[in-house]
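Please read the structure below before turning to the comments.
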Amino acid sequence: MKQWQKILAYTSALLIVVYAVVVCTMPRVRHEGTVCQKIDVVITDSTQRQYVRSGEILHYLREAGLSPVGQPYELIACHTIEEYAARHPMIDQAECYKTTDGNVKLLLTQRQPVLRVANEGNYFVDNHRQIMPLRSTTATYVPVVTGRVSKRMACEELFDFVLWLQDSKFWDAQIEQINVNEQLEIELVPRVGSGTILLGRLDNDYPKRLNKLKKLYTEGFQTIGWKSYREIDLRYKDQIVCR
């Protein structure tokens with residue numbers, strides 16, 4: 001038995017040596033003197049959103065003198081291309097690498113808006129709480145915030161509030177617009193009906209207030225109806241006032 005174990009060990013060692021020799025002597029793909037003929041730009045999330053197209057990115061790189069096309073393969077700095085592509089106002093992440101055929105591939109992920117502010121500023125806030133410009137050529141279905149909205153408010157408490165709404169299937173389906181009035185109180189415009197929900201300030205109590213309204217929607221309004229109300233006021237403690 002020991003003799004077979006020794007033979008097996010020697011055979012394994014020999015196979016490892018042979019493999020190493022073969023790998024080291026195999027012809028490697030060399031690109032010295034090769035000129036890049038093509039850069040392939042891929043928008044990886046183009047089926048979810050279309051804020052930018054590959055042609056725009058190609059032009060963006062050419063304008064900065066960073067297009068690798070026509071450049072010697074060994075001099076192409078993929079890291080520099082990555083960094084510059086990620087600075088485009090609609091791009092979130094970029095990955096650039098050289099391919100085995102002597103060309104370059106650039107993979108891009110677009111920024112993801114969470115809400116839109118529609119006032120004199122008119123901008124998106126993305127999922128990193130950063131201001132993101134609008135693209136008029138593409139429809140984006142995110143909550144619209146109007147009224148007296150500062151950029152700080154849009155990126156902080158309003159951002160958190162929109163995420164809370166989106167986490168609820170009920171409220172995500174119900175709310176179409178958020179308005180901030182002159183008193184910095186929140187007014188919600190539902191998708192159904194002509195009434196307005198007066199929520200008040202965005203303090204820590206709004207989940208409790210909206211959960212009470214949800215219960216009223218699903219239980220109380222089934223018998224008395226709610227579409228005829230002009231306002232549903234949640235600003236008072238432990239009560240809902242319908243007008």
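Read the figures in this text as sums done on the coordinates, not as results from a lab. Here the structure is a predicted model, which is why all the values come from computation and not from measurement. Note that we place each Cβ from the backbone using ideal geometry, even for glycine, and neighbour counts take in every protein chain shown.
Computed quantities for the displayed model
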| item | result |
| --- | --- |
| Calculated FRET value between residue 75 and residue 129, using beta carbons and R₀ = 41 Å, to 0.05 | 0.60 |
| Chymotrypsin sites (Phe, Trp or Tyr not before Pro) within region 133-211: DSSP coil, no more than 15 neighbouring Cβ in 10 Å | 141 |
| Counting DSSP beta bridges with both ends in region 113-242, the antiparallel % (nearest 5) | 65 percent |
| Counting DSSP beta bridges with both ends in region 39-110, the antiparallel % (nearest 5) | 60 percent |
| 18 Å Cα-Cα reach of residue 215 towards aspartates and glutamates, excluding residues that sit fewer than 8 places from it in its own chain | 167, 172, 205, 231, 233, 238 |
| FRET efficiency estimate (nearest 0.05) - Cβ-Cβ, residue 144 to residue 53, R0 25 angstrom | 0.50 |
| Sum of side-chain charges, residue 82 neighbourhood, beta-carbon under 15 Å (Lys, Arg +1; Asp, Glu -1) | -1 |
